[in-house]
Amino acid sequence: MPAKQMPIGSGFGAASTTDEVIAGINLSEKTAIVTGGYSGLGLETVRSFCSAGATVIIPTRDYNRAADVVKGLHKVEIERMDLLDPASIDSFAKKFLDSGQPLNILVNSAGIMALPQLTLDKRGYEYHFATNHLGHFHLTLRLLPALRKANNARVVSVSARAHQLSRVFFDDLNFEHREYRPMLGYAQSKTANILFAAGLDAHEQTNGVRAFSLHPGSIVSTNLGRNFTPEQLRAFGVIDEHGNPIIDPENDCKNEKQGAATQVWCATSPQLDGMGGLYCQDVDVAPLAQPDEEMKLSDIDSTRLTGVMPYAVDMDEANRLWEMSEHLVFGR
């Protein structure tokens, strides 16, 4: 595990917003791609990049919805892509590479959470893992020539504190030999997001590409938690007895500007120059979590532990995930 996985004293905090972290940053000559960029934290990230002058491309399955949402935003382009469709990922990436543009920022923000039943994609891969990890792995590797061309690119993987519920089970990715629980499927994919960032940074830093992962916080307004009942959301402590979102950033409950601040910071901040492979939260590098070896985390407890699990930044695990993902996605 990297000894550098410790806070750097960024001067920001849990309540910091995208407006604060983007202040003074000029992206006028930069191009960014943001998956999930037409809703929730992805949309707030797009707005923030646009405010700093970037050209932003949003790949999406729902072209019309995305186009309607981003009306009025300057220098935003919409392209068709489905993270569960390898051919559409290849087509999107080819079109971008054919343009000859360098890619300065890639934010892998799209995701699904807590599907109530075990679901497999057309290839037979568990849906959380296929969408949240394999789709983004595929997209990122296809875009590597453009990222390298930027000669100072950043790739940001939006993970979650829920990674604390599960490491990656390499011998049982699809829950064939263990009980499926909605948060376990999500958690495994979020650990994969962290390991991928660590692996990508190790593979590509000599090519001018650095990678980060992060926990944004608990943001009810994004609708990511739509598969939870109101009773479960109250148990998580993210809505009150009237069903209203609780905004308490020091206890991880944030609005969208606060939630997206960490990914915008990871993508743009000069404070992170020369660094990479790190997991961040509350607009700073996160510490390593210190779980009790006897601790058995429940779905709710996972939101109470600070930092990143050691297994999620273990380079042996990162390398194993990289090799497995190459095989699953590209047949290598």
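The values are calculated or read from the model by the stated rules, or taken from the named source; none is laboratory data. In this text, all values refer to a predicted model and were calculated from it rather than measured experimentally. All Cβ positions, glycine included, derive from the backbone under ideal geometry; neighbour counts span all protein chains shown.
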### Query
What single numbered condition from (1) at pLDDT 95 or above; (2) in contact with a helix residue (DSSP H, G or I) (Cβ under 6 Å, 6 or more places away or on another chain) fails to hold for ILE219?
(1)
### Task
Filter the range 265-295 down to residues that are crowded, with 24+ Cβ neighbours inside 10 Å, in contact with a helix residue (DSSP H, G or I) (Cβ under 7 Å, 6 or more places away or on another chain), of a type in the set (A, V, I, L, M, F, W, C) and not in a helix (DSSP H, G or I), then give me how many there are.
2
### Query
Name the pairs whose Cβ atoms lie under 9 Å apart, with the first residue in the range 284-295 and over 19 Å from GLU250 (Cβ atoms), the second modelled with pLDDT under 90 and surrounded by fewer than 18 Cβ atoms within 10 Å (Cβ to Cβ), and 6 or more positions between them or separate chains?
LEU288/MET1; GLN290/LEU305; GLN290/THR306; PRO291/LEU305; MET295/ASP301; MET295/LEU305
### Query
Would you call SER10 over 21 Å from ALA153 (Cα atoms) and crowded, with 16+ Cβ neighbours inside 10 Å?
no
### Task
Working only within the range 186-206, note down all residues that are in contact (Cβ under 8 Å) with a residue 60 or more places away in the chain, surrounded by fewer than 24 Cβ atoms within 10 Å (Cβ to Cβ) and farther than 17 Å from MET309 by Cβ.
ASP201, ALA202, HIS203, GLU204, GLN205
### Message
Looking at the range 245-264 only, could you name the residues that are surrounded by 20 or more Cβ atoms within 10 Å (Cβ to Cβ) and farther than 17 Å from LEU43 by Cβ?
### Response
ASP252, CYS253
### Task
Kindly check whether there is at least one residue in the range 145-152 that is more than 26 Å from VAL308 (Cα to Cα), in contact with a helix residue (DSSP H, G or I) (Cβ under 8 Å, 6 or more places away or on another chain) and touching a residue at least 60 places away in the same chain (Cβ under 8 Å).
yes
### Query
Can you name the helices (runs of 4 or more DSSP H) wholly within the range 32-141 that have at least 2 residues being crowded, with 20+ Cβ neighbours inside 10 Å and touching a Ser or Thr at 6+ places or on another chain (Cβ under 6 Å)?
40-51
## Note on the structure
Considering the range 193-217, residues that are within 18 Å of ALA260 (Cα to Cα) and part of a strand (DSSP E or B), and then whichever is farthest from the chain's Cα centre (by Cα), we arrive at ALA211
